[in-house]
Amino acid sequence: MARFENGKLSGTLNNIVFYNMNGKTYVKSKPGKRSRKKKATASPQVSLFKQASTYGSELLTELKPLIPFKFKLETYNKFRGWLMEVLPVAAENEAGGKLSNIPFHNINTAVEFRDLLLVQPDIVIAPDGKVKISFPSFIPNTVIKAPAKTKQVKVSMITSTAAFSDGSIGGKITDSNFMVDYGSVPTVEQVFELGVPGRNGDLVFVILVLNFQQLPGTKADEIVLPAAVVAVGKVR
């Protein structure tokens, strides 16, 4: 509605707008409704980043209670960056079981896991998502680099089955561990079977963790608490 007050005309009349500026009255056409642009389709890179960010954060949150060091922002960022490499490779691989072309990833980025555990287990991921982990006999103080005053080493194994294929968040985690006396007495061969059956397209992550049990009164530095994703598989 247009109105005339104090010698000035203002407001609207049909499709005309009256307005005042610097003591003068001006007229302009009333702007029409703007048509909303159709939502642009996200680029593949943006979609990949979103998927890695969402699932990566959720996966680390589920792993956090089982890994004995403080997670930092760098922990999440580097894990999500690693997932951005993994997801396209996994998508191209339709075969079930362990994927051979997936990069190793240190969850604790402050330490290289392979420098502290010199013997690596044989890992078999079945097409249904179940995992078999076999450790050969080894002499602990020659293949494990532990900090001073270490009495025992707990070797933890974690498997996580994540439903990346259908957009759902959350996964299924199983874990097991064995204690090693840190000395020169050889261990016996250890064989573990972990995991629960997954659905077609799910990814299976195998994580190894070392936790050093030291003598009373000794505080372990978190930099020597290594954890790493050592294998990835795909459920068929």
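The values are calculated or read from the model by the stated rules, or taken from the named source; none is laboratory data. Bear in mind the structure is a predicted one, so any value in this text is a computation, not a measurement. A quick note on method: Cβ atoms are made from the backbone with ideal geometry, for glycine too, and the neighbour counts reach across all protein chains shown. Ligands, DNA and RNA are excluded from the accessible area calculation, which covers all protein heavy atoms including side chains. Shrake-Rupley method; radii C 1.70, N 1.55, O 1.52, S 1.80 Å.
Just to check your reading of the model, which residue among S160, S137, S184 is in contact (Cβ under 8 Å) with a residue 12 or more places away in the chain and not in a loop (DSSP other than H, G, I, E, B)? Steps first, please.
Details: S137 fails: not in a loop (DSSP other than H, G, I, E, B); S184 fails: not in a loop (DSSP other than H, G, I, E, B).
Result of the check over S160, S137, S184: S160.
Collect the residues in the stretch 74-102 that are open to solvent by 50 Å² or more (accessible area, probe 1.4 Å) and under 17 Å from A227 (Cβ atoms), keeping them in residue-number order.
E74, N77, K78
Residue under question is V185, and the condition is that it be at pLDDT 95 or above and either of a type in the set (A, V, I, L, M, F, W, C) or open to solvent by 20 Å² or more (accessible area, probe 1.4 Å) (or both); does it hold?
Numbers: at pLDDT 95 or above: yes; either of a type in the set (A, V, I, L, M, F, W, C) or open to solvent by 20 Å² or more (accessible area, probe 1.4 Å) (or both): yes.
Yes; evaluated as a whole, the condition is true for this residue.
Taking the stretch 215-236 only, how many residues are aliphatic (A, V, I, L, M), at pLDDT 60 or above and part of a loop (DSSP other than H, G, I, E, B)? Quick ask: steps written out before the conclusion?
Taking the stretch 215-236 first, the residues aliphatic (A, V, I, L, M) are 215, 220, 223-225, 227-232, 235.
Going one step further and asking which of them are at pLDDT 60 or above, we end up with 215, 224-225, 227-232, 235.
Of the ones still in play, those that are also part of a loop (DSSP other than H, G, I, E, B) are 215, 225, 235.
Qualifying residue count, the stretch 215-236: 3.
Going by the structure shown, is A95 farther than 29 Å from E74 by Cα, of a type in the set (A, V, I, L, M, F, W, C) and either over 22 Å from the mean Cα position of the chain (by Cα) or not in a helix (DSSP H, G or I) (or both)? Spell out how you get there, then give the answer.
On the way: farther than 29 Å from E74 by Cα: yes; of a type in the set (A, V, I, L, M, F, W, C): yes; either over 22 Å from the mean Cα position of the chain (by Cα) or not in a helix (DSSP H, G or I) (or both): yes.
Answer is yes for this residue.
Taking the options L73, L66, L117, name whichever one is of a type outside the set (K, R), more than 20 Å from the chain's Cα centre (by Cα) and over 26 Å from R236 (Cβ atoms).
Unique residue meeting the criteria: L117.
So which of T150, T161 is open to solvent by less than 40 Å² (accessible area, probe 1.4 Å) and over 18 Å from I207 (Cβ atoms)? Please lay out each step first, then the result.
On the way: T161 fails: over 18 Å from I207 (Cβ atoms).
From the options T150, T161, the qualifying one is T150.
What about S156, is it polar (S, T, N, Q) and open to solvent by 40 Å² or more (accessible area, probe 1.4 Å)? Don't jump to the end; show me each part of the working.
Numbers: polar (S, T, N, Q): yes; open to solvent by 40 Å² or more (accessible area, probe 1.4 Å): no.
Criteria not met by S156.
Would you point out the residue of the stretch 60-94, among those that are out of contact with any Lys or Arg (no Cβ under 7 Å at 6 or more places or on another chain) and among the small types (G, A, S), that is nearest to F49 (Cα to Cα)?
Residues of the stretch 60-94 that are out of contact with any Lys or Arg (no Cβ under 7 Å at 6 or more places or on another chain), as a first pass: 60-70, 72-89, 91-92, 94.
Restricting the remaining residues to those that are among the small types (G, A, S) gives 81, 91.
Working: G81: 8, A91: 15 Å.
Of everything passing the filter in the stretch 60-94, G81 is nearest to F49 (Cα to Cα).
Does any residue in the stretch 54-68 that is at pLDDT below 85 come within less than 9 Å, Cβ to Cβ, of a residue that is surrounded by fewer than 20 Cβ atoms within 10 Å (Cβ to Cβ) and of a type in the set (D, E) six or more places away or on a different chain, and which pairs are these?
Pairs that qualify, where the first residue is at pLDDT below 85 and the partner is surrounded by fewer than 20 Cβ atoms within 10 Å (Cβ to Cβ) and of a type in the set (D, E), are P68/E222.
Take the residues in the stretch 127-149 that are modelled with pLDDT under 95 and among the charged types (D, E, K, R); name whichever of them is farthest from the chain's Cα centre (by Cα).
Filtering first and then ranking leaves K149.
Considering only residues that are at pLDDT 90 or above and touching a Leu at 6+ places or on another chain (Cβ under 8 Å), look in the stretch 87-110 and name the one that is farthest from A126 (Cα to Cα).
N108
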